[in-house]
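Everything below concerns the one structure shown next.
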Amino acid sequence: MAFDNLLAERTTRMGASVIREILKVVAKPGMVSLAGGIPAPESFPLEIIQELTEIVVAKYASGAFQYGPTEGFWPLREALADYLENRAITASAGEILIASGSQGVLDAVGKVLIDKGDLVAVEAPTYLGALQAFTPYEPEYVRMDTDELGLIPGSLESVLAGGKVKFIYLVPTFQNPTGRTIPLERRREIADIIKKYNALLIEDDPYGALRYRGHDIAPVKALAPDHVVYISTLSKVFAPGLRIGFCHAPEQIRKWLVIVKQGIDLHTSTFNQALASEYIAGGFLERHLPKIIDFYRPKQEAMLSALDTYFPPNFTWSRPEGGMFLWVEGPQGFDMEELYWKAIERNVAFVPGKYFYTSPQEGIETMRLNYTRADEETIDNSIRILSEVIQS
């Protein structure tokens with residue numbers, strides 16, 4: 001049977017994740033992957049999962065395995081309200097929506113807000129997964145300029161002054177792909193701008209807890225609460241396979257996100273939510289997070305040191321205070337995709353940066369590097385190999 005004539009027109013705007021396809025290539029034996037943004041299995045709190053499971057079964061019995069409210073498991077929503085309070089966001093449990101990963105929220109946002117041809121403002125570069133979530137709903141992307149401190153407020157204002165933007169999408173802290181963090185003063189400018197233009201910001205914050213140096217910075221949500229949908233996840237601080245994401249949105253948007261979720265999966269896994277609630281409320285996250293940070297910090301330091309040692313002087317890179325990524329820029333016109341295929345021959349993989357731009361003409365000389373899954377010696381050796389390939 002021929003199926004092509006049955007496919008919805010929107011499928012022409014959908015495609016497999018480029019990064020997921022790259023990861024298929026790097027799965028071969030002996031390959032060192034600096035490509036995927038995947039938490040290290042060593043960061044998972046395996047030693048306490050059994051204890052958490054026993055607590056959940058004893059405390060909630062069959063309730064942990066039953067259907068639940070679309071909005072989320074109430075004890076988890078209570079725990080997250082306290083968690084967000086520590087991040088300078090005031091939210092009651094009833095205002096928090098649980099999702100199957102933060103990606104589930106991004107898709108729901110696209111379904112609720114985007115009509116064909118709507119303008120969506122994104123950083124250049126931006127998170128590829130957000131583009132995949134939004135693109136099937138047929139927006140037109142408006143590019144916003146960035147520098148080493150992230151989004152440039154003047155560019156945001158120019159975009160908002162120039163047309164009817166449906167919403168802005170932003171990853172302010174340890175951004176994927178660049179690792180950059182917008183400083184507080186610039187966040188205040190951004191908050192003032194979106195309030196001035198009565199604009200909506202989708203603030204994606206999956207990496208904010210992974211800080212290795214410096215001090216936490218208040219989310220934009222804390223500076224303009226009525227104008228921001230704040231999205232986060234437990235994937236980087238608990239376990240990504242549990243698929244626990246959450247958001248805090250203005251009420252008029254939140255009620256539609258709930259309706260959309262009812263049509264997708266009814267609710268996120270009750271058992272997984274119960275595990276997460278006990279992980280946070282029982283103090284396990286507070287005790288385990290420093291172990292994750294101590295595990296990742298030397299990896300990042302090893303990569304930065306190796307770049308300083310081996311890479312040519314006409315290359316530059318970000319120096320984040322946390323997160324999972326570094327962003328490298330070569331001289332203008334340097335083809336990182338060509339470098340990728342040559343590096344693969346030497347068993348080292350990364351992600352060419354051009355895939356994080358909405359314009360195919362941008363980012364050819366950039367790359368994203370991830371350090372979470374390789375040990376320090378392997379990181380040093382892999383960066384040395386990349387440098388050799390560059391110079392060859």
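The values are calculated or read from the model by the stated rules, or taken from the named source; none is laboratory data. Since this is a predicted model, take the numbers as computed values, not measurements. Don't worry about glycine lacking a Cβ; one is built from the backbone with ideal geometry, like all the others, and counts go over all protein chains shown.
Here Gln361 meets each of (1) of a type outside the set (Val, Ile, Thr); (2) at pLDDT 95 or above; (3) assigned to a loop (DSSP other than H, G, I, E, B) with one exception, condition (2). Contact map, the range 292-311: first residue farther than 13 Å from Ala374 by Cα and acidic (Asp, Glu), second residue assigned to a helix (DSSP H, G or I) and modelled with pLDDT of 95 or more, Cβ cut-off under 6 Å, separation 6 or more or different chains; the map is empty. Which residue out of Pro225, Pro206 is of a type outside the set (Asp, Glu), under 28 Å from Pro39 (Cα atoms) and not assigned by TED's automatic domain parsing to the domain that holds Pro39? Of Pro225, Pro206, the one residue that is of a type outside the set (Asp, Glu), under 28 Å from Pro39 (Cα atoms) and not assigned by TED's automatic domain parsing to the domain that holds Pro39 is Pro206. Right, Val109: within 18 Å of the chain's Cα centre (by Cα) and either modelled with pLDDT of 95 or more or more than 28 Å from Leu210 (Cβ to Cβ) (or both) or not? Spelling it out, Val109 is indeed within 18 Å of the chain's Cα centre (by Cα) and either modelled with pLDDT of 95 or more or more than 28 Å from Leu210 (Cβ to Cβ) (or both). Between Phe174, Phe167, the distinction of being closer than 30 Å to Gly330 by Cα and among the hydrophobic types (A, V, I, L, M, F, W, C) belongs to Phe174 only.
For the range 345-354, taking the residues that are touching a residue at least 24 places away in the same chain (Cβ under 8 Å) and crowded, with 21+ Cβ neighbours inside 10 Å, the one that is nearest to Pro177 (Cα to Cα) is identified as Gly353. Taken over the range 81-107, the residue count meeting the criterion of being touching a strand residue (DSSP E or B) at 6+ places or on another chain (Cβ under 6 Å) and closer than 14 Å to Asn272 by Cα is 3.
Scanning the range 194-210 turns up at least one residue that is at pLDDT 95 or above, in a strand (DSSP E or B) and more than 13 Å from the chain's Cα centre (by Cα).
Filtering the range 211-228 to residues that are touching a Leu at 6+ places or on another chain (Cβ under 8 Å) and surrounded by fewer than 24 Cβ atoms within 10 Å (Cβ to Cβ) leaves Ile217, Ala218, Ala224, His227.
Considering only residues in the range 377-392 that are touching a Pro at 6+ places or on another chain (Cβ under 9 Å) and among the polar types (S, T, N, Q), the one that is surrounded by the most Cβ atoms within 10 Å (Cβ to Cβ) turns out to be Ser387.
A count restricted to the range 90-106 and to residues that are among the acidic types (Asp, Glu) and within 16 Å of the chain's Cα centre (by Cα) stands at 0.
Evaluate the following for Leu156: is it in contact with a helix residue (DSSP H, G or I) (Cβ under 8 Å, 6 or more places away or on another chain), buried (at least 24 other Cβ atoms within 10 Å of the Cβ), among the hydrophobic types (A, V, I, L, M, F, W, C) and at pLDDT 95 or above? Yes: the conditions hold for Leu156. Restricting attention to the range 274-290, the residues that are within 24 Å of Glu376 (Cα to Cα) and touching a residue at least 60 places away in the same chain (Cβ under 8 Å) add up to 2.
Kindly evaluate Val142 against the criterion of being outside the structural domain of Pro360 (by TED's automatic domain parsing) and within 17 Å of the chain's Cα centre (by Cα). Taking the combined requirement at face value, the residue does not satisfy it. Residue count for the range 176-193 under the criterion of being part of a loop (DSSP other than H, G, I, E, B) and surrounded by 15 or more Cβ atoms within 10 Å (Cβ to Cβ): the result is 7.
Filtering Lys342, Lys261 for residues that are surrounded by 21 or more Cβ atoms within 10 Å (Cβ to Cβ) and assigned to a helix (DSSP H, G or I) leaves a single hit, Lys261. Candidates in the range 112-139 are the residues that are over 22 Å from Thr12 (Cβ atoms) and either part of a loop (DSSP other than H, G, I, E, B) or of a type in the set (Gly, Ala, Ser) (or both); of these, the one that is farthest from the chain's Cα centre (by Cα) is Ala121.
Summed over the range 44-89, residues that are farther than 27 Å from Lys291 by Cα and within 22 Å of the chain's Cα centre (by Cα) total 2. Scanning the range 156-183 for residues that are small (Gly, Ala, Ser) and under 12 Å from Ile194 (Cα atoms), we see that the one that is farthest from the chain's Cα centre (by Cα) is Ala161.
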